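The values are calculated or read from the model by the stated rules, or taken from the named source; none is laboratory data. Small disclaimer: the values here were computed from a predicted structure and weren't measured. Neighbour counts are summed over all protein chains in view; Cβ atoms, including those assigned to glycine, are modelled from backbone coordinates with ideal geometry. Calculation scope for accessible area: heavy atoms of the full protein, side chains included, ligands and nucleic acids excluded. Shrake-Rupley method; radii C 1.70, N 1.55, O 1.52, S 1.80 Å.
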Amino acid sequence: MKKMLKFYFKITAFCLLSYSVTAQDSAHALFSYNIHKNIKPYIRNSNAAYEKGNFVLGKTLFDSLVYNHLVGTKFDDFSFKRVHKKRLHLASIKKPVYLLTYSSWCVPAKGEIPALNKLAKTYGKDIQIVVVFWDRRKDMKKIARRFHSQIEVCYADETYNRDCYLVSTLKHTLGIPTTFLIDEGMNVIDIRRGGINLGPKTTYATSFELNYNRFYDGISALIINENTANGRIAKQ
């Protein structure tokens, strides 16, 4: 009886240890863990680079952060508020996600939203476009109406209790605007920061074309990645 109990306790301890290691490994694979672990030295070094006017080094540091620490991580199952619907959980989306972050005070360029709307209409069956504004609900009602119905328009603000960690992880690390390319398995395949800086004299047609090409580049990367993963593109 004593031998059986001793054996039972050993097995139990081994299972608990294995579970703890597995849970720890799973947590370390998350995007949030890796961004918080690596963001402080990145911000310190990039700020120093930009203060010196070294924009090439600043971009190199960003690329290093993304491709050495963030690409390949598992994106967290964040949930976002929607104006007239229940919260959107990213893990509930069963297709690749093109996630953009904005703010209402950062006015999109003319032609930017129409370009995104056209792509949503064309590729909505294959890709889910999610736009997150770092704002409160009262600022979102008019903005949400400008987007195509196939685009999920969401919002988050640190003053909402459930949004604190979300905002600290996405907004207060990489800033706005930032684009996250997330595959069907919630894996990060790329992160792109910034938009297109257009002068006031830029025509609507030019703005539309430039923004359309920028969005399409990311969306096509998601589609190619998904087709490759599913074996629909033959290896060269």
* Would you compute, from DSSP H runs of 4+ residues alone, the mean residue ellipticity of the chain at 222 nm, taking -39500 (n - 2.57) per run and dividing by the full residue count, rounded to the nearest 500? => -15500 deg cm²/dmol
* **Under 17 Å from LYS110, Cα to Cα: aspartates and glutamates that are on another chain or at least 8 residues apart** => GLU209
* Asked: Can you give the angle from 0 to 90° between the axis of helix 164-174 and the longest principal axis of the chain, with both taken from C-alpha atoms, to the nearest 10?
  -> 60 degrees
* Asked: Roughly how large, in nm² to one decimal, is the mean projection of the convex hull of the alpha-carbon atoms in segment 122-174?
  -> 4.5 nm²
* For segment 83-233, what class follows from the C-alpha gyration tensor (a ≥ b ≥ c being the square roots of its eigenvalues): rounded when a/c is under 1.5, otherwise prolate if a/b is larger than b/c, else oblate? -> oblate
* Förster radius 22 Å - calculated FRET efficiency between ARG162 and LYS141, Cβ distance, rounded to 0.05 -> 0.65
* **Spin-label zone in segment 82-106 - amide nitrogen under 20 Å from a point set 7 Å from the Cα of VAL71 along the C-beta vector** => 96-101
* Asked: At q = 0.16 Å⁻¹, what is the log10 ratio I(q)/I(0) for segment 96-141, with the Debye formula run over Cα points and no solvent?
  -> -0.50
* Asked: If eta is 0.692 mPa s and T is 37 °C, what Stokes-Einstein diffusion coefficient results for segment 20-132, Kirkwood Rh from Cα pairs, in µm²/s?
  -> 192 µm²/s
* So which aspartates and glutamates can LYS125 reach, going by Cα to Cα under 16 Å and dropping same-chain residues fewer than 8 places off? -> GLU152, ASP183, GLU184, GLU226
* To do: Express in nm, to one decimal, how much length is gained between ASN45 and ASN227 on full extension, taking 0.36 nm for each residue of separation and deducting their alpha carbon distance.
  => 61.8 nm
* Asked: Carbon-plus-sulfur fraction of the accessible area of segment 28-70, 1.4 Å probe, in percent?
  -> 58 percent
* To do: Give the accessible surface of the chain per residue, rounded to a whole number of Å², with probe radius 1.4 Å and ligands, DNA and RNA excluded.
  => 59 Å²
* Asked: Could you give the length gained on full extension between ASP217 and LYS201, defined as 0.36 nm per residue of separation minus the Cα-Cα distance, in nm?
  -> 3.3 nm
* Asked: Where both partners of a DSSP beta bridge lie in the chain, what percent of those bridges are antiparallel, to the nearest 5?
  -> 60 percent
* Asked: Cross-link list LYS95/LYS138; LYS59/LYS171; LYS59/LYS94; LYS94/LYS121: which exceed 25 angstrom alpha carbon to alpha carbon?
  -> LYS95/LYS138; LYS59/LYS94
